[in-house]
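Read the structure below first, then the notes.
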Amino acid sequence: MKTAIIFGVTGQDGSYLSEFLLKNDYKVVGVHRRSSIDTTERLDGCKDNPNFSLVCGDVVDSGSIYSIINTNRPNECYNLSAQSHVGTSFEQPETTFQVNAIGTLNILEAIRTGSHNTRFYQASTSEMFGNNHSVKPQPIDMKVTLKSPYRYQDESTPLNPRSPYAVSKVAAHNLVFTYREAYGIHASCGILFNHESERRGDNFVTRKITSYVASLKCGLDETGGSDDGVKSSVIRECVCWEGKDGDEYSLPHLELGNLDSHRDWGHAEDYVRGMWLMLQQDKPGDYVLSTGESHSVRDFLDEAFGCIGIEDWSKYVVINPKFYRPAEVDYLRGCSAKAELELGWTRQVSFEELVKRMVNSDIEKTEVELEEIE
Ligand code: NAP
Ligand code: G4F
């Protein structure tokens, strides 16, 4: 039985990867940092599995990392740990750099000095491209004629980081390349484009939107209020509507920042399969995982509100400048031709299916919460 260590096991991807590896007969050792409250909720599906265990460790504490790697002598090691929120990285650049760059260095050094032939996966990101892109002719099977050139990013697109988060990830990415070349370590980087899920952190834009849509849906169902604007009125802080009982009900506006940026959004479950495939190759390398589609935040709003039958979401959303970033990445669309060819990887979940799954899951969660309150 192979042993895998996952740094960042409590996160969105860590939980899906744990489940994937356990299903594939791995012994999984998850590393989580000490916290004053339980942060392992996403791991509920793994905790009872005898092949799953948790150990405490922090990637910025090199001693704890050396000890964990030398005690477990893993076949594979996945570094998913990060301060992963781009907006937060502008407010906490030092922590972000410590965790994302120095943390990666600590793991690489532990693997190098441990000499256990451990294969290493690094969570690199499409944020590293910043506003760079490559251009190719419009694909022949595309039904619409594009007004602008077909822009995309792949493994050969030059990196141009635009946030402390992206800079820290470029540093880690370059460290992995250096350790691969200098010491022959089987170390690969997955350059992953945005991937979301029912388990996405609630301060990322997709989950902010789907949890709001769920609250709206449950609130309207509860009161019988109208979503067609006839009975509803908008005041500064919240959207109000009159319920069947004649009482007034309200929900705060959904406050967002830049609605015009474009992202290539897939489902996290597809992406953890790609991480594992990278470590099964004879040779290490860098691979882009993406859907090849780009949607704006506005498109995401259309799709999510559409799930509950609302076409015009404008009265529910207000722009709060505090959610704008000092520098933005405007347009991401990945090209995963290399991963498709060499790993046989493709995404399974479409954009529409992703949004539907997130909205439905948030509606279920909200209904349970409402029942608990009653
Ligand atoms: P996430 O949900 O934010 O998870 C991050 C994980 O890192 C959490 O388990 C967190 O632990 C852990 N962590 C943070 N600081 C740590 C430290 N000092 N020591 C040990 N663990 C620490 O992120 P995700 O969406 O699963 O993403 C996984 C990785 O892929 C991240 O490196 C992210 O930057 C990268 N990535 C993500 C995407 C995406 O769209 N999701 C795309 C490209 C790359 P706590 O639970 O204690 O906070
Ligand atoms: O959901 P986001 O915060 O994701 P972002 O910045 O693209 O980063 C995610 O994907 C990266 C891969 O490209 C990962 F490396 C990273 O760890 C993370 O998982 O923001 C998406 C877009 C941005 O353009 C942002 O400005 O949505 C815009 N946005 C608009 N209003 C907002 C909001 N983002 C957030 N978080 N909150 C808002 O209210």
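Within the set K322, K338, the sole residue that is surrounded by 14 or more Cβ atoms within 10 Å (Cβ to Cβ), not in a loop (DSSP other than H, G, I, E, B) and not hydroxyl-bearing (S, T, Y) turns out to be K338. Scanning the range 243-289 for residues that are of a type in the set (F, W, Y) and modelled with pLDDT of 95 or more, we see that the one that is farthest from G201 (Cα to Cα) is Y287.
Rundown of residues vs (1) closer than 23 Å to N24 by Cβ; (2) of a type in the set (D, E), yes/no style:
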position: Y249; (1), (2): no, no
position: P252; (1), (2): no, no
position: L256; (1), (2): no, no
position: W265; (1), (2): no, no
position: A268; (1), (2): yes, no
position: R273; (1), (2): yes, no
position: D282; (1), (2): yes, yes
position: D302; (1), (2): no, yes
position: I310; (1), (2): no, no
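State which residue is surrounded by the fewest Cβ atoms within 10 Å (Cβ to Cβ) when the search covers only the range 162-189 and only residues that are in a loop (DSSP other than H, G, I, E, B) and not basic (K, R). Applying the filter and picking the extreme gives G184. The residues in the range 167-189 that are within 12 Å of ligand 1 (Cβ to nearest atom) and touching a Phe, Trp or Tyr at 6+ places or on another chain (Cβ under 6 Å) can be counted, and the count is 1.
Condition test on S296, is it small (G, A, S), surrounded by fewer than 22 Cβ atoms within 10 Å (Cβ to Cβ) and without any contact (Cβ under 8 Å) to a residue 24 or more places away in the chain? No.
When the residues of the range 68-86 are filtered to those that are outside any loop (DSSP other than H, G, I, E, B) and closer than 19 Å to L279 by Cβ, which remaining residue is farthest from the chain's Cα centre (by Cα)? Only one residue fits best here, namely N72. Looking across S67, S15, one residue alone is within 15 Å of ligand 1 (Cβ to nearest atom), of a type in the set (S, T, Y) and more than 23 Å from L192 (Cα to Cα). It is S67.
For the range 13-22, state whether one or more residues are within 16 Å of ligand 2 (Cβ to nearest atom), touching an Asp or Glu at 6+ places or on another chain (Cβ under 9 Å) and modelled with pLDDT of 95 or more. Yes, the range 13-22 contains a residue that is within 16 Å of ligand 2 (Cβ to nearest atom), touching an Asp or Glu at 6+ places or on another chain (Cβ under 9 Å) and modelled with pLDDT of 95 or more. Examine the range 344-356 for a residue that is within 30 Å of A182 (Cα to Cα) and at pLDDT 95 or above, and state whether such a residue exists. There is at least one residue in the range 344-356 that is within 30 Å of A182 (Cα to Cα) and at pLDDT 95 or above. T104 fulfils the conditions (1) farther than 26 Å from Q281 by Cα; (2) outside any loop (DSSP other than H, G, I, E, B) except for a single criterion, (1). Taking T95 as the residue in question, decide whether it is within 27 Å of I185 (Cβ to Cβ), within 14 Å of ligand 1 (Cβ to nearest atom), without any contact (Cβ under 8 Å) to a residue 24 or more places away in the chain and of a type in the set (S, T, Y). Spelling it out, T95 is indeed within 27 Å of I185 (Cβ to Cβ), within 14 Å of ligand 1 (Cβ to nearest atom), without any contact (Cβ under 8 Å) to a residue 24 or more places away in the chain and of a type in the set (S, T, Y). Residues of the range 30-56 that are in contact (Cβ under 8 Å) with a residue 40 or more places away in the chain and within 13 Å of ligand 1 (Cβ to nearest atom): V31, R42, L54. Has the range 119-130 got at least one residue that is of a type outside the set (V, I, T), touching a residue at least 24 places away in the same chain (Cβ under 8 Å) and exposed (fewer than 15 other Cβ atoms within 10 Å of the Cβ)? Checked against the condition, which is being of a type outside the set (V, I, T), touching a residue at least 24 places away in the same chain (Cβ under 8 Å) and exposed (fewer than 15 other Cβ atoms within 10 Å of the Cβ), the range 119-130 yields no hits at all. State the number of residues belonging to the range 341-364 that are within 15 Å of ligand 2 (Cβ to nearest atom) and either more than 15 Å from G292 (Cα to Cα) or not in a helix (DSSP H, G or I) (or both). Result for the range 341-364: 3.
Which of the residues that make up the range 39-94 are among the aliphatic types (A, V, I, L, M), within 23 Å of E269 (Cβ to Cβ) and more than 16 Å from ligand 2 (Cβ to nearest atom)? Scanning the range 39-94 gives L43, L54. Applying the criterion of at least 2 residues that are within 28 Å of I191 (Cβ to Cβ) to the strands (runs of 3 or more DSSP E) found wholly in the range 1-67 leaves 3-7, 27-32. Going through (1) more than 24 Å from G201 (Cα to Cα); (2) out of contact with any strand residue (DSSP E or B) (no Cβ under 6 Å at 6 or more places or on another chain) one by one, S15 falls short only on (1). Looking at the range 300-310, is at least one residue within 11 Å of ligand 2 (Cβ to nearest atom), closer than 19 Å to N203 by Cα and either among the basic types (K, R) or surrounded by fewer than 17 Cβ atoms within 10 Å (Cβ to Cβ) (or both)? Checked the range 300-310: no residue is within 11 Å of ligand 2 (Cβ to nearest atom), closer than 19 Å to N203 by Cα and either among the basic types (K, R) or surrounded by fewer than 17 Cβ atoms within 10 Å (Cβ to Cβ) (or both). Looking at the range 256-273, is at least one residue on the phi < 0 side of the Ramachandran plot, of a type in the set (D, E), in contact (Cβ under 8 Å) with a residue 60 or more places away in the chain and outside any loop (DSSP other than H, G, I, E, B)? So far as the range 256-273 goes, yes, one or more of its residues are on the phi < 0 side of the Ramachandran plot, of a type in the set (D, E), in contact (Cβ under 8 Å) with a residue 60 or more places away in the chain and outside any loop (DSSP other than H, G, I, E, B).
The values are calculated or read from the model by the stated rules, or taken from the named source; none is laboratory data. Given the structure is predicted, the values throughout are model-derived calculations rather than measurements. Here Cβ is always computed from backbone atoms with ideal geometry, including for glycine, and neighbour counts include all displayed protein chains.
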